[in-house]
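Only one structure is covered here, and it is reproduced in the block below.
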């Protein structure tokens, strides 16, 4: 049997985007099951739960396309790295894809993931968006997931990418145009964080973490602390 691919999507107040992308994602998943679609509701204050219920009771999903919904209520604002870690912890698949509410894959994507991850010590990423990464779940956990000091919109994806390379893994780019991104204003992307600062300032505040991990040639994030916690 083909390995299950879990695509992990944390959502906080971005259901409007998800309504535009999830139908495309389901189409891609139905074309090459088994695929688990993990929606991590990061205490979303909008109608996310109702929307996911509607999808779950619809006839949009084929038998081997699994919809997993988990809700986290520990924070009222979005925390980038923690939310992404929780979404992976909620996943059951051998292979994981980390994604976002404003991103969707096209038909053929999940076949490409399975094909690419058959190669030992490999991971995949998009040539434009390193954050849309596919790897084995065990490798993600062994690397310590995302560094949870990355609270804001930041280079958390670049940090994970570089850490996997330092751990001896090989990164491969997905085939061209497998990943699509809808247009979302920056104001929408940043409005759900603890501080109301610009996207540029968020990146500047978080850049020292990336630089520190590079200087220390860090192989494991969150070392010595519990990460991906639900409380």
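Observations
- Filtered residues of segment 66-81 (kept if crowded, with 20+ Cβ neighbours inside 10 Å and either in a loop (DSSP other than H, G, I, E, B) or in contact with a helix residue (DSSP H, G or I) (Cβ under 7 Å, 6 or more places away or on another chain) (or both)): 72, 79, 80, 81
- Test: residue in segment 17-39 that is touching a helix residue (DSSP H, G or I) at 6+ places or on another chain (Cβ under 9 Å), within 21 Å of residue 227 (Cα to Cα) and free of Cβ contacts under 8 Å to residues at least 60 places away in the same chain: yes
- Residues of segment 108-136 classified as modelled with pLDDT of 95 or more, within 28 Å of residue 186 (Cα to Cα) and assigned to a loop (DSSP other than H, G, I, E, B), total: 1
- Residue within segment 210-218 that is touching a residue at least 40 places away in the same chain (Cβ under 8 Å) and not in a helix (DSSP H, G or I) present: yes
- Filtering segment 167-184 for residues that are modelled with pLDDT of 95 or more, over 30 Å from residue 28 (Cα atoms) and either out of contact with any strand residue (DSSP E or B) (no Cβ under 7 Å at 6 or more places or on another chain) or in a helix (DSSP H, G or I) (or both) leaves a non-empty set.
- Some residue of segment 40-51 being touching a residue at least 12 places away in the same chain (Cβ under 8 Å), buried (at least 22 other Cβ atoms within 10 Å of the Cβ) and part of a loop (DSSP other than H, G, I, E, B): yes
- Residue match in segment 57-64 (condition: at negative phi and outside any loop (DSSP other than H, G, I, E, B)): no
The values are calculated or read from the model by the stated rules, or taken from the named source; none is laboratory data. Note that the structure is predicted; figures quoted are calculated from it, not measured. No Cβ is skipped: glycine too gets one built from the backbone with ideal geometry, and neighbour counts run over all protein chains shown.
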